[in-house]
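What follows is a short report on a single structure.
Readers should treat all values here as calculations from the given coordinates under stated rules, not as data from a laboratory. Note that this is a predicted model, so its numbers are computed, not measured. Methodologically, a virtual Cβ is constructed for each residue, glycine included, from the backbone with ideal geometry; neighbour enumeration extends over all protein chains shown.
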Amino acid sequence: MDETTKAAMESGRPLTIFNIKEVHQLNPNATHITNNYYGDQFVPKDMVRKEPSAPENATRNPQLCKESVLEYVMRLHPSQVREEWKDKYLALWESILELPAVSSTIYDKGKQQGTTFNRNLVGNILHLLAEKKVLKTDNATRLATELEGSSEVSIRQKLGEMPMKKIKDSIEELIG
């Protein structure tokens, strides 16, 4: 290391080293370093492919999405489900997922990340079920904590809102 490089590192000043066809920056005060070299070639940051958090075919496979929805809503069973609904809760959700108004939108996750289904719609439906006394509480924070393990999640707001009228009416008809 030459004296100029050593002096720049000791002083904390950023140092730029120019080589043919390459530019490297050295900042001794940096706390995060991103290396965009993969193998022998440089790949620009916007060209790096990010791995999806959910399988790509999950949104195309309604059965896989249905299983994901059921696994998600069963996190509330038995702690937040009323006694008279404990035996019927899974069957109720299977029936809800079969409703045309629900099945047409539940498997479209939109811009939501880390899910294979429309988690916001599930939150709206859970709010309706709480209103219809299927669930013990309508407290969005408590339900969000049971579902996600934390109250600081995006679904908490949706747990306080009713679903669209068409969906609401078909679920109310199903519940009776």
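Computed about its Cα centre, the charge dipole of the range 89-159 is approximately 160 debye, with only Lys, Arg, Asp and Glu carrying charge at their Cβ. Near the amide H of V81, within less than 5 Å, lie the amide hydrogens of K136, all on another chain or at least 5 residues away, with H placed in the peptide plane.
What you get for the range 57-175, charging only the Cβ of Lys and Arg (+1) and of Asp and Glu (-1), is a dipole of about 260 debye around the Cα centre. Given R₀ = 22 Å, FRET efficiency for D138-E173 by Cβ-Cβ distance, to 0.05? Calculated value: 0.60. The Cα atoms of the range 57-175 give a gyration tensor whose axes a ≥ b ≥ c have a/c under 1.5, which makes the shape rounded.
Close Lys pairs in the range 89-164 (alpha-carbon distance under 24 Å; sequence gap of 8 or more, or different chains): 5.
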